[in-house]
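The values are calculated or read from the model by the stated rules, or taken from the named source; none is laboratory data. Everything numeric in this text was worked out from a predicted model, so none of it was measured. With ideal geometry, Cβ positions are generated from the backbone for all residues, glycine too; neighbour counts draw on all protein chains shown.
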Amino acid sequence: MFTERQKTKILRPILFGLLSFVFCPLSFAQTMVYLERAENLTYDEERIAGAQILKGDVVFRHEEALMYCDSAYFYENTNSLDAFGHVRFVQGDTLFGFGDLLYYDGNTKLARLRKHVRLIHGREDENPTVLTTDSLNYDRIEEIAYYYTGGEIKDSLNTLVSVRGNYRPKTKQAVFSKDVVLTNSRFMLSSDTLLYNTDTKIADIVSPTQIIYEEETDIISSRGWYNTQTEQSMLLDRSVVHHTDGKQMTGDTIYYDKRIGFGEILGNIQMVDSAQRATLYGEYGQMWEENSRGYATDSALMIDWSDSAHIAYIHGDTLFTEKLHYTDSARMDSTYRFVRAHYSVRVFRDDMQMTCDSMVYWGSDSTMHLYTHPICWSENQQISADSMVVFIVNGMVEHAVGCGNALCVMEDTLTYYNQMSGKEMTVYLTEGEVKLIDMSGNALTIYYPKESDGELIGLNTTESSFIRMYIEDREIHHIRFTKETTGVLYPMNQIPSGADKLALFFWADEIRPTDPNDVFRKIDK
């Protein structure tokens, strides 16, 4: 039982609180800390001036907060207390603080917990959030708990550690800084500064951050958000998603869904497949991890660097790429790349340049199929047909086949053009140089034979079922015809008007891609 003096000491804060409420403006009113219970109360003015020394099952109350401890110093004049041993701080029915020491100021409503500190937010049966540290301050006015000597916050899904951090129970929002590490059963996130909500499980990325996903995927970003529960993210400011199998996405903005393996990329995009040695560029694109499917549009460009000596630059309004897997006995479980390019396709290689309306590349046999007004150039040769197939062997164009309205034009001078046309054409190259041309099906030729000194003899026109032309040093070396061939040789000064052009003739050197950047040049159809 308390003595009369002790009762007076205990009741004094109540009277003081009432007087303060009556005589002080409401905005400056201060609520008092009350001693609810203690087994023993003493004073020692010489050792601890102005303090009530409390021991045994001590309980304080301040507004809706309760504070428990083994012993305490209670300072009435300053409306504060120091609590020791098995400290427990309870606010409402969802916030619980534990520690060895508590320093509480009732005027500032600041609780300072020290040594073996735990702050639990939420009911035990609802997977509460637990903050563990050695030194924690909780500001009840701002409703924020913060630490600055290292701490950990753990919820039902993630564990986060950092040197400094704060947590707001009301909004469930946490801010971490310096050596931040978030660990999950599937990934680990490291950063210098991170915002995280324990309710939504969303991490807001505000500084250079790396997410390592089961050692198979790395995400690098400095701004955006990552939903650790759904594994969806929005990554900004030139973020990168990299996979250990060689696939990588880079863009100004990336929406990435890890669970379904899908990425949507906007702004200066770059999709790399180092296994297939190809890079896809554009302003907008999508990529599926399954089969390495992807497409790019708006300034779309694919660079095929499978052979570093003969890099191919492919541009189209839209480019699609996919990795196809064959399991039949002929291909013996092989994987190849498949590429489609649609509309205004332009290709630059050092051994051949191409334009067409659409193109398909099959990695299984390294063939490029060109459709709708295809034109190919190699050195001073221009070939075209209704459709064409270009065969690539060991990284270089080996031959090209044109079907329907096939035409081959060789520029001899700025004025004269050697020409061949027919139903089907095959052009053979060696080390990037045209060496042989076969033309079949109503094959027609117009060419200018020369003297040994290079002087033109005249114009030779022929018609045959099959013609084979041999090329050396970019000039006609000789031609072979079938026996049924007919032809006329006109002297240079007796060439009839219009006889120097085949019906299919055209020369389109002005639309020829001249370098890798020229593939983006817009050409009127």
Qualifying residue in the range 503-514 (condition: surrounded by 10 or more Cβ atoms within 10 Å (Cβ to Cβ), in contact with a His (Cβ under 9 Å, 6 or more places away or on another chain) and either modelled with pLDDT under 90 or not in a strand (DSSP E or B) (or both)): yes
Selection from the range 244-260 of residues that are more than 8 Å from the chain's Cα centre (by Cα) and surrounded by fewer than 17 Cβ atoms within 10 Å (Cβ to Cβ): T244, D245, G246, D252, D257, R259, I260
Among the candidates N418, N405, residue that is at pLDDT 90 or above and under 26 Å from K450 (Cα atoms): N418
Residue that is closer than 28 Å to E283 by Cβ, among the hydrophobic types (A, V, I, L, M, F, W, C) and within 14 Å of the chain's Cα centre (by Cα), where the choices are I212, I219: I219
Among (1) surrounded by fewer than 18 Cβ atoms within 10 Å (Cβ to Cβ); (2) assigned to a strand (DSSP E or B); (3) not hydrophobic (A, V, I, L, M, F, W, C) - the single one G165 does not satisfy: (1)
Entirely in the range 337-426, the strands (runs of 3 or more DSSP E) that have 3 or more residues that are under 35 Å from the mean Cα position of the chain (by Cα): 353-362, 367-371, 387-393
Matching entry among G454, G441, G498 (being surrounded by 12 or more Cβ atoms within 10 Å (Cβ to Cβ) and at positive phi): G441
Selection status of L489, exposed (fewer than 15 other Cβ atoms within 10 Å of the Cβ) and either in a strand (DSSP E or B) or modelled with pLDDT of 90 or more (or both): yes
Which numbered condition T279 misses (of (1) closer than 29 Å to V397 by Cβ; (2) buried (at least 22 other Cβ atoms within 10 Å of the Cβ)): (2)
Counted residues, the range 471-486 - those being in a loop (DSSP other than H, G, I, E, B) and more than 30 Å from I311 (Cβ to Cβ): 4
Options M234, M188; residue that is part of a strand (DSSP E or B), modelled with pLDDT of 95 or more, within 28 Å of E289 (Cβ to Cβ) and in contact with a Phe, Trp or Tyr (Cβ under 6 Å, 6 or more places away or on another chain): M234
Scan of the range 82-95 for residues that are in contact with a His (Cβ under 8 Å, 6 or more places away or on another chain) and either crowded, with 23+ Cβ neighbours inside 10 Å or in a strand (DSSP E or B) (or both), ordered by number: L95
